[in-house]
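Peer 1: Sharing a structure, written as structure tokens. Questions coming.
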Amino acid sequence: MWDFIASHWKDGIEILVLTFCIYQLYKAFKATRGAQIMIGLGLILVVLALATQIFQFQVIGWIIFRSAAVLAFALIVIFQPELRNGLARLGSSKFFSFSSKRRLALVERLADAVVLLSKKRIGALFAIQRDITLKEQLETGVVLDAQFTPELAMSVFYPKSPLHDGGMIIADDRVAGAACVFPVTEKEMKDRSTGLRHRAAIGLTERTDAIAVVVSEETGSISISENGDLQRNLTEKQFRARIAEIFFDEKPYDETEPEKTTDTKADVPSAGDRDLDPD
């Protein structure tokens, strides 16, 4: 036994490293169009390889062998967005750059603003920046530099406001911009009632490590998106608990976690959420 371990311990480490890499690739590619392309290419290659071995197809085998380098380069080009996002998340520590005292004040003001918007059924979309900058999204909107307050959020997202259409970016506990355009997710949503605000929240958190908070204009429901996962229909207590957990890595309330409903049907109106174009 000891002789076997002594002679094969490197193989065990190699298996663990490969397993970890494959798992990280799976996390980065799952539920994306890139995953569908990967599965399709994988099935084609497996079928061709089996056919080549069984029937001794020399020409097909030669083509597969010669096109391996070209195929590897093509995969890099095809999966460039997923690879870029995966590497960005790998290098992200997922911590906020400002102090815990300022974070606490921001969490309280953000929770109050979201609850107030929810009660008045005013649609809103917030993006809280972490390690990965949101400069690209900020350039699509109106640049601001103001302390975040519930009154400011109400003014920005009021339906007749010029800045209500789009998202608000919060960076270093200050409002960096409003009316910003966020990338919409490319996931195929089974729930057709998922509105554009929710899709934009998912899309932004797929590409960055930001936290997105959505208030539905139709129902007033509160949602949080992180790492491409959307938690919908949060109660006020659940929202406060979840946002505190994100900012401080703790659960101040003994509340059951809401079900993730990214790809499952939620209790929302079938007419959809007119979040990005309420008029």
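The values are calculated or read from the model by the stated rules, or taken from the named source; none is laboratory data. It should be emphasised that the depicted structure is a prediction, and the values quoted were computed from it without experimental measurement. All Cβ positions, even for glycine, are placed from backbone atoms using ideal geometry, and neighbour counts span all protein chains on display.
Peer 1: Name the residue that is surrounded by the most Cβ atoms within 10 Å (Cβ to Cβ), counting only residues in region 222-239 that are touching a residue at least 40 places away in the same chain (Cβ under 8 Å) and more than 21 Å from Glu108 (Cα to Cα).
Peer 2: The selected residue is Gly228.
Peer 1: Mind checking which pairs have a first residue in region 158-178 that is in the same structural domain as Thr133 (by TED's automatic domain parsing) and closer than 10 Å to Asp145 by Cα and a second that is of a type in the set (S, T, N, Q) and surrounded by fewer than 17 Cβ atoms within 10 Å (Cβ to Cβ), Cβ under 7 Å, 6 or more apart or different chains?
Peer 2: Close Cβ pairs (under 7 Å, with a partner that is of a type in the set (S, T, N, Q) and surrounded by fewer than 17 Cβ atoms within 10 Å (Cβ to Cβ)) amount to Arg174/Gln147.
Peer 1: What strands (runs of 3 or more DSSP E), lying completely within region 163-217, carry at least 1 residues that are more than 13 Å from the chain's Cα centre (by Cα) and charged (D, E, K, R)?
Peer 2: Passing ranges, in order: 174-180.
Peer 1: Still on this structure, please answer the following. Among Ile37, Ile78, Ile60, which is the only one that is of a type in the set (A, V, I, L, M, F, W, C), at pLDDT 75 or above and surrounded by 14 or more Cβ atoms within 10 Å (Cβ to Cβ)?
Peer 2: Result: Ile60 is the single residue among Ile37, Ile78, Ile60 that is of a type in the set (A, V, I, L, M, F, W, C), at pLDDT 75 or above and surrounded by 14 or more Cβ atoms within 10 Å (Cβ to Cβ).
Peer 1: Further question: Residues to consider are Arg66, Arg84; find the one that is assigned by TED's automatic domain parsing to the domain that holds Ile39, at pLDDT below 70 and of a type in the set (Lys, Arg).
Peer 2: That would be Arg84, the only listed residue that is assigned by TED's automatic domain parsing to the domain that holds Ile39, at pLDDT below 70 and of a type in the set (Lys, Arg).
Peer 1: Test of understanding: among Thr219, Thr194, Thr256, Thr261, which residue is at pLDDT below 90 and crowded, with 22+ Cβ neighbours inside 10 Å?
Peer 2: Thr194
Peer 1: I've got another one for you. Answer yes or no as to whether Leu125 is at pLDDT 90 or above, within 21 Å of Thr235 (Cα to Cα), in a strand (DSSP E or B) and assigned by TED's automatic domain parsing to the domain that holds Val215.
Peer 2: In short, yes.
Peer 1: While we're on this one: Can you tell me which residue in region 145-171 is nearest to Ala111 (Cα to Cα), limited to those that are surrounded by fewer than 17 Cβ atoms within 10 Å (Cβ to Cβ) and aliphatic (A, V, I, L, M)?
Peer 2: Ranking the candidates gives Met154 first.
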